[in-house]
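Visitor: Input: one structure, supplied below.
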Amino acid sequence: MDRQQEFVLRTIEERDIRFVRLWFTDVLGTLKSVAIAPAELESAFAEGIGFDGSAIEGFARVYEADMLAKPDPSTFQTLPWRGENPGTARMFCDIALPDGTPSMASPRHVLQRTLAKAADMGFSFYTHPEIEFFLLEKASAQGANPVPVDQGGYFDHVPKGTAHDFRRAAITMLESVGISVEFSHHEGGPGQNEIDLRYADALSTADNIMTFRTVIKEVALEQGVYATFMPKVWAEHPGSGMHTHMSLFEGDTNAFYEAGAPYQLSKTGRQFIAGLLTHAPEFTAVTNQWVNSYKRLWGGGEVPAHLTWGHNNRSALVRVPMYKPSKGQSSRVELRSLDAACNPYLAFAVMLAAGLKGIEEGYELPPETEDDVWSLTPRERRAMGIRPLPGSLHEAIEEMEASELVAETLGESVFDFFLRNKRAEWEAYRHQVTPFELERLLPLL
């Protein structure tokens with residue numbers, strides 16, 4: 001038994017923890033949980049806990065159902081919302097087959113595999129997400145007309161506002177489970193908030209995002225409101241995204257930094273951006289996986305939906321944030337399209353794979369776009385060679401289906417299941433008769 005496992009067992013005994021929740025996600029990014037008694041933990045570390053994989057979205061076919069959840073002791077945290085005594089803790093799990101080999105259907109393994117490829121190239125991958133979400137009046141959360149908890153705007157300080165109390169409670173709880181928060185504020189839409197997590201390695205960040213979504217929903221329920229990460233709740237207000245800053249390190253050196261280069265951005269950084277721009281249409285179905293995601297991407301409100309990059313140009317898909325002369329290690333790039341309703345393990349995997357492909361193949365970075373892309377007409381964009389992201393989940397699926405990069409990154413089982421599920425979602429959506437059609441066409445036709 002290693003030291004981390006010993007630490008977990010000792011902590012459980014010292015803190016009187018009676019339930020240990022083992023967490024993992026299905027292919028769509030839904031959190032799954034099974035609780036075990038502390039007495040079973042040594043066995044879980046050694047052999048894993050068996051479960052029926054065929055009952056989990058995308059994990060297994062019926063005839064290969066047996067799977068094992070093996071807890072990762074480095075992710076151990078007590079859960080503060082379950083009361084002090086007796087306590088509850090959680091660990092994320094790696095999913096294995098009965099013979100002990102990793103399951104190719106595990107999203108966490110997909111990311112681990114891609115991180116291993118980066119490591120073979122000499123790189124570590126770090127991410128920093130800015131996570132947006134809406135707070136709604138609880139009674140309206142299930143209805144056709146959701147009601148925001150306030151009418152605040154960007155950076156607004158709402159006196160005695162629900163959002164202040166909410167963010168304070170949420171950040172306190174996040175920090176109690178080891179998740180460091182950098183900033184928090186009211187966002188541009190009514191009831192919309194943003195909380196930014198501190199930079200961490202990509203696997204820890206993906207685990208943290210899954211914990212974050214759980215904490216936010218728990219705190220909301222405690223406070224009598226409802227939190228949603230749905231990308232676009234109201235047509236007339238901005239949607240919620242998850243702008244993500246990324247950097248590659250070679251040991252302790254930031255591989256994106258080069259003193260004296262334009263924006264202090266190295267050749268490696270430029271090739272990484274070129275990889276993102278080249279392959280973004282192919283991986284958008286993963287970073288923006290719901291039919292509703294495209295209402296945000298194409299619904300206005302300063303969402304970048306074209307394949308451009310720029311320095312401090314917020315209409316660009318990939319932004320190179322302002323360089324700080326005293327902080328060369330902070331050089332990074334920011335992808336602004338993805339939303340917080342994605343599966344973070346799969347999203348980070350395809351984003352990293354695209355950037356690495358740009359480095360491997362020596363992709364040439366196109367000229368930066370200084371124009372406000374939103375203010376250009378479609379004809380002007382075409383003349384400038386500016387291509388769009390997919391306009392719907394259907395278009396994104398078609399791009400993904402033809403992508404060797406995404407197929408290789410996700411692996412056959414995840415790739416096939418994801419496409420099947422998204423096609424079914426699109427077909428179900430296409431058959432709907434919407435309020436727009438009833439209001440616009442019923443009186444007219």
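Visitor: Kindly indicate whether residue 314 is assigned by TED's automatic domain parsing to the domain that holds residue 216, out of contact with any helix residue (DSSP H, G or I) (no Cβ under 7 Å at 6 or more places or on another chain) and in a loop (DSSP other than H, G, I, E, B).
Guide: Spelling it out, residue 314 is indeed assigned by TED's automatic domain parsing to the domain that holds residue 216, out of contact with any helix residue (DSSP H, G or I) (no Cβ under 7 Å at 6 or more places or on another chain) and in a loop (DSSP other than H, G, I, E, B).
Visitor: Here's another thing I want to ask about it. Run residue 299 past the list (1) buried (at least 22 other Cβ atoms within 10 Å of the Cβ); (2) farther than 27 Å from residue 414 by Cβ; (3) touching a Gly at 6+ places or on another chain (Cβ under 8 Å) and report the number of the one that doesn't hold.
Guide: Answer for residue 299: the failing condition is (1).
Visitor: Would you call residue 396 assigned to a helix (DSSP H, G or I), surrounded by 20 or more Cβ atoms within 10 Å (Cβ to Cβ) and under 21 Å from the mean Cα position of the chain (by Cα)?
Guide: Criteria met by residue 396.
Visitor: Could you tell me whether residue 159 is more than 17 Å from residue 209 (Cβ to Cβ), modelled with pLDDT of 80 or more and either assigned to a loop (DSSP other than H, G, I, E, B) or not assigned by TED's automatic domain parsing to the domain that holds residue 209 (or both)?
Guide: no
Okay, residues lined up against (1) of a type outside the set (Lys, Arg); (2) farther than 22 Å from residue 73 by Cβ; (3) assigned by TED's automatic domain parsing to the domain that holds residue 334; (4) assigned to a helix (DSSP H, G or I):
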| position | (1), (2), (3), (4) |
| --- | --- |
| 170 | yes, yes, yes, yes |
| 174 | yes, no, yes, yes |
| 184 | yes, yes, yes, no |
| 193 | yes, yes, yes, no |
| 206 | yes, no, yes, yes |
| 211 | yes, no, yes, yes |
| 214 | yes, no, yes, yes |
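Visitor: Based on what the data block shows, is residue 246 within 30 Å of residue 147 (Cα to Cα) and assigned by TED's automatic domain parsing to the domain that holds residue 206?
Guide: Considered against the rule, which asks whether it is within 30 Å of residue 147 (Cα to Cα) and assigned by TED's automatic domain parsing to the domain that holds residue 206, residue 246 comes out as no.
Visitor: Would you be able to say whether some residue in region 413-420 is assigned by TED's automatic domain parsing to the domain that holds residue 213 and within 15 Å of residue 280 (Cβ to Cβ)?
Guide: no
Visitor: Let me ask something additional. Working only within region 243-285, note down all residues that are of a type in the set (Ser, Thr, Tyr), surrounded by 21 or more Cβ atoms within 10 Å (Cβ to Cβ) and within 26 Å of residue 397 (Cβ to Cβ).
Guide: Residues satisfying the conditions are 244, 284.
Visitor: On the basis of being surrounded by 14 or more Cβ atoms within 10 Å (Cβ to Cβ), within 30 Å of residue 192 (Cα to Cα), of a type in the set (Ser, Thr, Tyr) and modelled with pLDDT of 95 or more, does residue 363 make the cut?
Guide: So residue 363 fails the test.
Visitor: For region 227-286, which residues satisfy the criterion of being part of a strand (DSSP E or B) and closer than 18 Å to residue 114 by Cα?
Guide: Once the filter is applied, which keeps residues that are part of a strand (DSSP E or B) and closer than 18 Å to residue 114 by Cα, region 227-286 yields 244, 245, 246, 247, 248, 249, 250.
The values are calculated or read from the model by the stated rules, or taken from the named source; none is laboratory data. Since this is a predicted model, take the numbers as computed values, not measurements. Glycine gets a Cβ as well: all are built from the backbone with ideal geometry, and neighbour counts include every protein chain shown.
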